[in-house]
Amino acid sequence: MTNAIKIHSFTTNYDGMANVLQSRIGVSIGFNPAKTSVQPTPKTFTAVWDTGATHSAITNKVVNECGLKPISMARVHHADGVSTKPVYLVNIYLPNKVNFFHVRATEGDLTGCDVLIGMDVINTGDFAVTNLDGKTTFSFRFPSVERIDFVKQYPADATPVSSTGPLPLGSATPAKKIGRNDPCQCGSGKKYKKCCGT
């Protein structure tokens, strides 16, 4: 008998278009929960998800509130140049029991958040952002369980690609409007009006 993969995920819905993806998360000193009987209670902070950041980062506020001690130093490249910052070992608790243990987080000067979730965490799972009807939905799942390919999913609506890269914004042919009696594009085999069009 094979062991089933335990999948954890969470979704954040916004009332409008979101320019910044945020979530409330927990942070504690880094430890292995399987080997520690007395476990520290995580403190709650605001996190921003940043696909442009290679590694996760935390503010001095997180360091002080969690009682963190540096494990090393790292050279950090940022808009103002390069600086040397302390690195800490932390556990990160995302919503709905999506947890990461022994994450190396560099101390940084962050604006509008306490924690920056970088690609070191994002790359471990499936990360999706959609903007249907002008409302952003942000979802994350761990571990990664499938490849999401919109071109394969909706080949008729694929944006044409030139030999030098994607066409400029606005140059793609507008998507054809779905009729109520057309097959639903989700692939269910039902009519649109009896499926996603309800």
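Taking segment 27-52 as the range and being of a type in the set (S, T, N, Q) and touching a residue at least 24 places away in the same chain (Cβ under 8 Å) as the test, the residues that pass are Ser28, Asn32, Thr46, Thr51.
Just the residues that are exposed (fewer than 13 other Cβ atoms within 10 Å of the Cβ) and assigned to a strand (DSSP E or B), please, taken from segment 12-23. Break it down into steps so the answer makes sense when it comes.
First pass over segment 12-23, keeping only residues exposed (fewer than 13 other Cβ atoms within 10 Å of the Cβ): 13, 15-17, 19-20.
Of everything in segment 12-23, just one residue is exposed (fewer than 13 other Cβ atoms within 10 Å of the Cβ) and assigned to a strand (DSSP E or B), namely Asn13.
Within segment 78-98, the residues that satisfy the criterion of being touching a Gly at 6+ places or on another chain (Cβ under 9 Å) and either touching a residue at least 24 places away in the same chain (Cβ under 8 Å) or at positive phi (or both) are His78, Tyr88, Leu89, Val90, Asn91, Ile92, Tyr93, Leu94, Val98.
So, restricting to strands (runs of 3 or more DSSP E) that lie completely within segment 35-94, which ones have at least 3 residues that are polar (S, T, N, Q)?
Correct list: 81-94.
In segment 28-50, the condition of being loosely packed, with under 10 Cβ neighbours inside 10 Å, under 15 Å from the mean Cα position of the chain (by Cα) and within 23 Å of Asp126 (Cβ to Cβ) is met by no residue.
Could you list, in sequence order, the residues of segment 125-147 that are among the hydrophobic types (A, V, I, L, M, F, W, C) and surrounded by 11 or more Cβ atoms within 10 Å (Cβ to Cβ)? Don't jump to the end; show me each part of the working.
Kept after step one, since they are among the hydrophobic types (A, V, I, L, M, F, W, C), are these residues of segment 125-147: 127-129, 132, 138, 140, 142, 145.
Once the filter is applied, which keeps residues that are among the hydrophobic types (A, V, I, L, M, F, W, C) and surrounded by 11 or more Cβ atoms within 10 Å (Cβ to Cβ), segment 125-147 yields Phe127, Ala128, Val129, Phe138, Phe140, Phe142, Val145.
Which of the residues belonging to segment 88-107 are over 23 Å from Thr11 (Cβ atoms) and surrounded by 19 or more Cβ atoms within 10 Å (Cβ to Cβ)?
Our first condition is that a residue be over 23 Å from Thr11 (Cβ atoms); within segment 88-107, this holds for 88-90, 102, 104-107.
The answer is Tyr88, Val90, Ala105, Thr106, Glu107.
Among the candidates His77, His55, which residue alone is under 18 Å from Asn123 (Cα atoms) and either open to solvent by 20 Å² or more (accessible area, probe 1.4 Å) or over 21 Å from the mean Cα position of the chain (by Cα) (or both)?
Values: His77 fails: under 18 Å from Asn123 (Cα atoms).
Sole residue among the options that is under 18 Å from Asn123 (Cα atoms) and either open to solvent by 20 Å² or more (accessible area, probe 1.4 Å) or over 21 Å from the mean Cα position of the chain (by Cα) (or both): His55.
So for segment 116-124 (the condition being open to solvent by 40 Å² or more (accessible area, probe 1.4 Å), under 25 Å from Pro33 (Cβ atoms), free of Cβ contacts under 8 Å to residues at least 60 places away in the same chain and not in a strand (DSSP E or B)), does at least one residue qualify? Yes, because at least one residue in segment 116-124 is open to solvent by 40 Å² or more (accessible area, probe 1.4 Å), under 25 Å from Pro33 (Cβ atoms), free of Cβ contacts under 8 Å to residues at least 60 places away in the same chain and not in a strand (DSSP E or B). Using the structure shown, decide if Gly170 is at pLDDT below 80, of a type in the set (Gly, Ala, Ser), in a loop (DSSP other than H, G, I, E, B) and exposed (fewer than 10 other Cβ atoms within 10 Å of the Cβ). Criteria met by Gly170.
How about segment 58-68: which of its residues are surrounded by 13 or more Cβ atoms within 10 Å (Cβ to Cβ) and without any contact (Cβ under 8 Å) to a residue 24 or more places away in the chain? First the steps, then the outcome.
Taking segment 58-68 first, the residues surrounded by 13 or more Cβ atoms within 10 Å (Cβ to Cβ) are 58-63, 65-66, 68.
Answer for segment 58-68, where residues must be surrounded by 13 or more Cβ atoms within 10 Å (Cβ to Cβ) and without any contact (Cβ under 8 Å) to a residue 24 or more places away in the chain: just Glu65.
All conditions in (1) under 21 Å from Asn123 (Cβ atoms); (2) among the polar types (S, T, N, Q); (3) in contact with a Lys or Arg (Cβ under 8 Å, 6 or more places away or on another chain) hold for Ser83, with the sole exception of (1).
The values are calculated or read from the model by the stated rules, or taken from the named source; none is laboratory data. Since this is a predicted model, take the numbers as computed values, not measurements. For neighbour counting, all protein chains shown are included, and Cβ atoms are generated from backbone atoms with ideal geometry for every residue, glycine included. In case anyone asks, the SASA skips ligands and DNA or RNA and just uses the protein heavy atoms, side chains included. Shrake-Rupley method; radii C 1.70, N 1.55, O 1.52, S 1.80 Å.
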